[in-house]
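These notes concern the structure reproduced below.
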Amino acid sequence: MQLVMGKTEMSLGYVSLPGRGANDRFLAQVAARLQDRGLKLAGTVQTNIERADRTKCDMDIVVLPDGPVLRISEDRGNLARGCRLDAGVLEQAVAGVSRAMPGADLLIVNKFGKQEAEGRGMAPLIAEALERNLPVLLGVNGLNLPAFQTFAGGLETALAADIDQVVEWCVSAGCHLHEPAR
């Protein structure tokens with residue numbers, strides 16, 4: 001799947017930070033700052049929960065703006081190899097994000113991963129958001145960066161690992177500020 005768009009106003013920003021869980025922590029902080037500024041978000045942010053009895057962490061995502069929290073990793077034991085993503089739970093998250101998108105100022109996707117590289121997961125929602133001129137911010141690891149760049153077709157903007165700059169990019173990308181709830 002590749003984005004083919006006729007519009008030039010699209011905003012597709014991404015971060016690709018080194019280190020296990022770095023994109024996840026960064027995007028969660030950006031999401032919190034944007035919500036504090038009154039932006040209405042759709043999407044997902046991920047938290048990784050270390051377990052003393054496992055070599056791999058548990059992976060949970062929060063469906064923005066306010067939940068639910070879904071466990072997207074399968075516990076297949078310490079000796080398991082390969083992908084631990086629970087694709088069925090990911091599809092539940094996709095459905096929740098789809099419901100939140102119409103009222104959102106920005107779509108945040110915690111990861112452009114293997115599912116998205118194959119045109120599944122959040123890929124259709126990313127394309128839909130851009131068609132609607134809804135800015136998109138996502139995380140991409142180095143392994144999936146070439147597939148993401150093919151998908152984005154040159155529409156993407158690499159963002160620095162600076163929370164203030166990313167927040168300002170999101171705001172200037174067309175987000176409309178709202179008064180924060182009191």
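The values are calculated or read from the model by the stated rules, or taken from the named source; none is laboratory data. Worth saying up front: this structure is predicted, and the values here are computed from it rather than measured. Cβ sites come from the backbone with ideal geometry, for glycine too, and all protein chains shown count toward neighbours. Ligands, DNA and RNA are excluded from the accessible area calculation, which covers all protein heavy atoms including side chains. Shrake-Rupley method; radii C 1.70, N 1.55, O 1.52, S 1.80 Å.
Taking the range 113-124 as the range and being aliphatic (A, V, I, L, M) and either open to solvent by 10 Å² or more (accessible area, probe 1.4 Å) or part of a loop (DSSP other than H, G, I, E, B) (or both) as the test, the residues that pass are Ala117, Met122.
Looking at Arg20, Arg33, which is the one that is of a type in the set (Lys, Arg), assigned to a loop (DSSP other than H, G, I, E, B) and modelled with pLDDT of 75 or more?
Details: Arg33 fails: assigned to a loop (DSSP other than H, G, I, E, B).
Going through Arg20, Arg33 in turn, the sole match is Arg20.
For the range 52-72, the criterion of being in contact with an Asp or Glu (Cβ under 8 Å, 6 or more places away or on another chain), modelled with pLDDT under 95 and surrounded by 20 or more Cβ atoms within 10 Å (Cβ to Cβ) is met by at least one residue.
To keep it simple, each residue is scored yes or no on (1) open to solvent by less than 60 Å² (accessible area, probe 1.4 Å); (2) at positive phi; (3) more than 16 Å from the chain's Cα centre (by Cα); (4) at pLDDT 95 or above.
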{"residue": "Leu145", "(1), (2), (3), (4)": "yes, no, no, yes"}
{"residue": "Thr150", "(1), (2), (3), (4)": "no, no, yes, yes"}
{"residue": "Leu155", "(1), (2), (3), (4)": "yes, no, yes, no"}
{"residue": "Ala158", "(1), (2), (3), (4)": "no, no, no, yes"}
{"residue": "Asp164", "(1), (2), (3), (4)": "no, no, yes, yes"}
{"residue": "Ser172", "(1), (2), (3), (4)": "no, no, yes, no"}
{"residue": "Cys175", "(1), (2), (3), (4)": "yes, no, yes, no"}
{"residue": "Pro180", "(1), (2), (3), (4)": "yes, no, yes, no"}
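Annotation note: Cβ proximity below 7 Å between a residue of the range 96-124 that is in contact (Cβ under 8 Å) with a residue 12 or more places away in the chain and closer than 16 Å to Pro146 by Cα and a residue that is in a loop (DSSP other than H, G, I, E, B) and open to solvent by 10 Å² or more (accessible area, probe 1.4 Å) (sequence gap 6+ or interchain) occurs for Lys114/Cys83; Gly119/Met1; Ala123/Met1. Please verify whether Leu143 is farther than 18 Å from Thr44 by Cβ, out of contact with any His (no Cβ under 9 Å at 6 or more places or on another chain) and in a helix (DSSP H, G or I), treating the condition exactly as stated. Criteria met by Leu143.
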